[in-house]
Structures are given as structure tokens and as C-alpha cells.
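The structure under discussion appears below in the form of C-alpha cells.
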Amino acid sequence: MAGIKIIGTGKYVPETVSTNEDFTKIVDTSDEWITQRTGIKTRHMSDGEPSWYMGMKAGAQAIESAGLSPDDIDMVICTSVTGDYYTPATANIVQGKLNIHHAFSIDINCACAGFVYALDMARRYLSVGEDVQNILIVSPENITKLVDYTDRSTCVLFGDGAGAAVVTRSEGFYHSYLETDGSGADKIYAQSARPGNAFTNREKAESFKELFPQGKEHYMYMAGNDVYRFATTKMPEALEKACAKAGFTPADLDIIIPHQANARIITTAAKNLKLPMEKFYVNIEHYGNISSACIPICLHELREAGRLHSGDKVGLVGFGAGLIFGACVFEY
Ligand code: ACO
């Protein structure tokens, strides 16, 4: 199977920025605690921009930077877990707003690993036939709408924004390792509307217990310590397995772009892999955790800074609610 080439990237972040100091006014916390335990200093937060809007902005920039026009796009994949509607898919709205004609579009729900899973899916579509040449991946997240701002252990972690990339086929290598562990689905979740209609038997409805009882309304629940342990073990495992398929080790990668959930998770993963931190791109200080938008925003920043060169071995690694994790390694 062929590899992939990222020919365009884009990014959008809302104007409003919240500092650690701002959080000291709403919960019992401190700049010192947040900085030491997470590495986060600021996050951008939606001023009401819907996810489709952020995806459209980042997507338009990605198409332009690829030197393409919207009609060159054959497929749109959206990775948002914070879409604006149950239906239609956010990918469909972005496709319409960008005036992409004759393409098909799909939403996937792979939490913070969404970009890695979308890239893998893109590569498989690109490999199969001639009808898909250019794929737009958009990763907009309004994750702060799921945040309970009375819960100090989660509210300081998240921000909003979008990243996007245009992907095409190439002759370079590409390998991936993806895995989910649904038995850990209760470790991070946010509940949607409950079932019920005009004819619902209320007594029967009452007999259905909550699958995950710790949550509060639609807000995100996270068992932080369990997720921390999962992430620090599974990120190195996924990278090692993807690299092994390519016939090398993570030490051979030129740059690793990890999901930005907590700077300590990245440092520990680097230690577990016996790799220097210089191999990892980290921008969590400025954005916090923007779920699936983190990795494409990093990619965009690296491209803009001229830090990616043809032939570089790039590794992307993500993890998140599901529980889900995965890595892909490819020739830039
Ligand atoms: N300010 C001050 N104190 C705090 C704060 C805060 N914001 N948050 C928690 N604390 C306190 C706790 O109450 C606790 O106090 P106690 O000892 O008196 O009970 C103490 O700090 C230690 O709490 P821990 O939860 O053990 O802190 P930890 O160092 O583990 O950090 C954190 C918590 C940041 C959540 C960490 O566990 C983490 O990063 N987990 C992973 C999160 C993650 O990766 N999520 C990604 C997935 S998100 C997705 O998929 C959408």
C-alpha cells in the first residue's frame, strides 16, 4: 500500500484566552499547581464559534496552503467529538460551507486520537482506488462546552480550536498501530440526551440504570489518574509497534507529535521510550488539551516554522476516551 503526503495544513483558535490566574477566580487552584502538574499556561476558548465554523476556517487554510481549490477535494473526514448537531455530520456542514462539490464526507468519533485514526482511514481510502485523490481532514473541537467549571481537576485542562490537513497519496512508507479498549469506556465520557418519547413506558425506562453513573448532566467525567496511567503506557507501546512494522525504532524518528493532554504524560512517555524531549513537539503551554485538534495544530505549526523536511520520519501518537490509542509513522 502507498504512503501519505500532507500537502496542506490549517489552524483556527478563538480570540479569547484564559490564563491560570483566571481559573483561580472560579475554583480553588493556583498557577503553580496547574503549571507543575499539567504544563498548561493558557487556553483559547470559544466565543460562541460553533465547531463547523472553526473546522471551516482551518479547512479553508489547509486547502489554500495545499495550492488546491475546494473542488479538488474528494473526501472530507471530520474528527470532532463536539459537533454542533446530532445530525447532520459536522463534516457535511464543513463541506457545504467550503463549497466542496462532488465529494463525500464522514464524521468519526475517536476522541483525542481522532486525527491519527482519520489519517489512517484516509490512507486506506487513498490506497484502494483512483476515485479519491485528495482528502481533507478537519479537527474542530468545542471541548469546553463539555467542561464542568466547578470541577477543578478537569476544568483547567481544556481549550477550543481546530486543526486541518489535506492528505494525498505518496510513495513514502506509512505504518500504524491502532487499538481500543472498550472496557475502559467509563474512564472518560460525556453523556448525550437520554432515550424516551411520547409513548415511553416510564416504569420500564426507570429500570434502566445509568451505564456510567459518576457523570453530571452532559459534562465530561474523567478518572484522571487512570487515564494518566493508560496514556503513559499506551503512547510508547503504540509508537513502538508502529515503528516495528516500519522496521525501525522510535529513536529513528525525526519528530514525534504526541496528543497534548498533559506535559507530564509526554515527559513520562519520552522517559519510557528512553528518548530525549527534543524529539517531541509540545505546545500544550499555549492551548491546553483541544482533543482531536491538538495533533493537526502541531503539524501546522511545525510546517509553518519550516521544521518538517522532505524524507523526515514523522510519528503521530494519540490516546483518549474510549479508551482508545494509536500511532502512525510516515515519511514526510
Ligand atoms: N488545582 C489544585 N489542586 C488540584 C487541582 C487543581 N486544578 N486539581 C486537582 N487538585 C488536587 C486534587 O484534589 C488532589 O488533592 P488531594 O490530594 O487533597 O485529594 C491533588 O491535587 C492531586 O490530585 P491528582 O488527581 O492525583 O493530581 P494529578 O497530579 O494526577 O493531576 C490530572 C490530575 C492533571 C487530571 C492528571 O491526572 C492527568 O493529566 N490525567 C490525564 C488526563 C488526560 O490525559 N486526559 C486526556 C483525555 S481527554 C479526552 O479524551 C477528551
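Table for the structure above
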quantity	calculated
Antiparallel DSSP beta bridges within region 23-169, as percent of all bridges there, nearest 5	50
D31-S192 pseudo-label distance in nm [points 7 Å out on the Cα-to-Cβ vector]	4.2
Added length on full extension, which subtracts the Cα-Cα distance from 0.36 nm per residue, E64 to S127	20.3 nm
Relative compactness, region 190-332, computed as alpha-carbon Rg over 2.2 N^0.38 Å	1.34
Solvent-accessible area per residue for the chain (1.4 angstrom probe, square angstrom)	44
Label-point gap, in nm, between Y228 and T249 - each point 7 angstrom along Cα→Cβ	2.8
Amide H contacts under 5 Å for F158, placed H, 5+ residues apart	N289
Ordering of 136-142, 166-172 by packing [mean C-beta count within 10 Å, highest first]	136-142, 166-172
For region 103-116, Karplus couplings with θ = phi - 60° (6.51, -1.76, 1.60), whole Hz, Gly/Pro x	10, 10, 9, 9, 9, 10, 10, 10, 6, 5, 8, x, 5, 4
Label zone at T150 (point 7 Å along Cα-to-Cβ), backbone N below 20 Å, region 178-221	189-192, 213-221
By accessible area with a 1.4 Å probe, ligands and nucleic acids excluded, highest first: order of K313, K209	K209, K313
Sequence-separation-based contact order of the chain, relative, with Cα cut under 8 Å and 6+ spacing, percent	26
Two-site FRET efficiency, T16 against N272, from Cβ-Cβ distance with R₀ of 41 Å, rounded to 0.05	0.70
Distance between modelled label sites at A2 and D47, nm, 7 Å Cα→Cβ extension	4.2
Whole-angstrom Cα spans of region 103-153 along principal axes, big to small	51, 18, 12
For the chain, alpha-carbon Rg relative to the globular expectation (2.2 N^0.38 Å, N residues)	0.98
Dipole of the chain [Lys/Arg +1, Asp/Glu -1 at C-beta], most positive-end residue of F158, Y85, V13	F158
Inter-part distance where region 266-302 and region 18-48 are each reduced to a Cα centre, Å	19
Carbon + sulfur, % of accessible area of the chain - ligands and nucleic acids excluded, 1.4 Å	50
Theoretical FRET efficiency, 1/(1+(r/R0)^6), r = Cβ-Cβ of Q214 and Y86, R0 22 Å, to 0.05	0.40
Cross-link partners of K11 among aspartates and glutamates (Cα-Cα below 17 Å; sequence separation of 8 or more within a chain)	D47, E49, E64, E141, D160, E285, E301, E304
C110, C78, reordered so the largest accessible area comes first (probe 1.4 Å)	C110, C78
For peptides 243-255, 42-54, sequence by mean Cβ density within 10 Å, most packed first	42-54, 243-255
Cross-link table K41/K145; K25/K234; K25/K279, entries beyond 29 Å C-alpha to C-alpha	K25/K234; K25/K279
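The values are calculated or read from the model by the stated rules, or taken from the named source; none is laboratory data. As the structure is a computational prediction, the values presented were derived from the model and not from experiment. Here the Cβ is made from the backbone with ideal geometry for all residues, glycine too, and neighbour counts use every protein chain on show. Heads up: the accessible areas ignore ligands, DNA and RNA and are worked out on the full protein's heavy atoms, side chains in. Shrake-Rupley method; radii C 1.70, N 1.55, O 1.52, S 1.80 Å.
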